[in-house]
Every structure is written in C-alpha cells, then in structure tokens.
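See structure below.
What follows draws every value from the coordinates through simple rules; no lab data is involved. Source: prediction; values computed, not measured. FYI the Cβ positions are ideal-geometry reconstructions off the backbone, even for glycines, and counts take in every protein chain you see.
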Amino acid sequence: MITTITFGTFDVFHVGHLRILERARALGDRLVVGVSSDALNISKKGRAPVYPQHERMAIVAALRCVDEVFLEESLELKRDYLLRYRADVLAMGDDWRGQFDGFSDTCRVVYFERTPAISTTAVIEKIRL
Ligand code: CTP
C-alpha cells in the first residue's frame, strides 16, 4: 500500500487542482490531502480564501481520486503530517520545486508541472472583470 500526500488551499476549485490530485493519486494506492486552513492563508497570503475551509475540504474529499482530507494548520508541521499519515510520497506542484527536498529522508518527493494558464487568482480576476 503506497500512500501519497499533497497540500494546498484548493480555493475556487479548478481543473489545475483536479489534474494534480489525479496525478498524485496515480503514484500510489491512497491519496491524503492537507487542505490549508483559513487562518494559515490569512497569515501567509494576506487574504482569506473565497470558500471557507470546511467547504474546501468537503469539495476535495468528494473527489474519486481522494481518499482522506485533513486541515493543514501550520506549514511548520509538514514532517508531523508526513509521519502521521504514513506518507510514502509527497507530491507538490512545481511552483514549490526544491522547497520540500529536505523531506526526502522521510519519503519520496515528487514535483508535478502545473497545468498551464489557470490558477485561483486568475479565475478570481476573470470573474471580477
Ligand atoms: N496547481 C497546479 N496547476 C495549476 C494550479 C495549481 O498543478 N494550474 C497545483 C499547485 O501547484 C499546488 C496545488 O495545485 O500543488 C494547490 O494549489 P493552490 O495554491 O491551492 O492553487 P492555485 O490555483 O495555485 O492558487 P493561487 O492562485 O491562489 O496561488
């Protein structure tokens, strides 16, 4: 049983989110997703997500490629989360390339190319115009 873990905000869910979760799931048998909390987004990005954390978690949990979700409350707890969910693989988008290499003593670290031309920020901008 190979467990893959990934992390993200997954606000205003879009096809780039779906593609990375599908590719992460295909690396193993079980996909666990850490959805970042509203408080974490406010402190790191300076703004609250459009959808509150319980709605973002519900959307991600409902996907066929996702087996389990949890609330990521601190960026500093990454290693604890990897151990708690017994992750064999950590999968992240390549906007994070290199930043998680320090965890390669705990699990395999994989970076996926982002789906081009879409992001939550871009969707919000498009709706605003
Ligand atoms: N992601 C992706 N392709 C995209 C957008 C996101 O593969 N076009 C991946 C990111 O690399 C990350 C995960 O999806 O691993 C969650 O990303 P998140 O930050 O929640 O979404 P973004 O659309 O990048 O949000 P924002 O515009 O607020 O940065």
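Of note:
- Less than 5 angstrom separates the built amide H of F7 from those of G34, all sequence-distant by 5 or more or on a different chain.
- Computed over the chain, Kirkwood Rh from alpha-carbon pairs, angstrom: 14.9 Å
- For the chain: relative contact order, % (alpha-carbon pairs under 8 angstrom, 6 or more apart): 31 percent
- Neighbours of Q53, meaning other residues whose beta-carbon lies under 11 angstrom from its beta-carbon, give a summed charge of -4 when Lys and Arg score +1 and Asp and Glu score -1.
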